[in-house]
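Report on the structure given below.
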Amino acid sequence: MTRYGFTIKTRHGQRVANIHIMAGTQVDAERRLRQMYHHCEILDCRGEAVARRNDTLDVESVIGMISAADRSPQKAGTH
């Protein structure tokens, strides 16, 4: 994935900077941008590759967390 940073001028002339959109291509990022800001003028676009997150949970990890919570000591007076 790539994070695209845009600086635009809205159809009313206001300048908006630091709009960040994650997309596979610049064309997709611009399409999403234009859905939010109709008839805007793109003044600048910067692309920055972003590493994918590897902290996804699998079934074994979830089961391990649940069983670890079951083994934790309970407070006195609770069942």
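Brief remarks on what is shown
- Failed item in (1) among the basic types (Lys, Arg); (2) over 17 Å from the mean Cα position of the chain (by Cα); (3) modelled with pLDDT of 95 or more, with Arg46 passing the rest: (2)
- Looking across segment 1-25, the residues that are part of a strand (DSSP E or B) and either over 13 Å from the mean Cα position of the chain (by Cα) or in contact (Cβ under 8 Å) with a residue 40 or more places away in the chain (or both) come down to Thr2, Arg3, Tyr4, Gly5, Phe6, Thr7, Ile8, Lys9, Arg15, Val16, Ala17, Asn18.
- Scanning segment 26-57 for residues that are among the aliphatic types (A, V, I, L, M) and in a strand (DSSP E or B) turns up Ile42, Leu43, Ala49.
The values are calculated or read from the model by the stated rules, or taken from the named source; none is laboratory data. Keep in mind that what you see is a predicted model, and the values were worked out from it rather than measured. Reconstructed Cβ throughout: ideal geometry from the backbone, glycine too, with neighbour counts over all protein chains shown.
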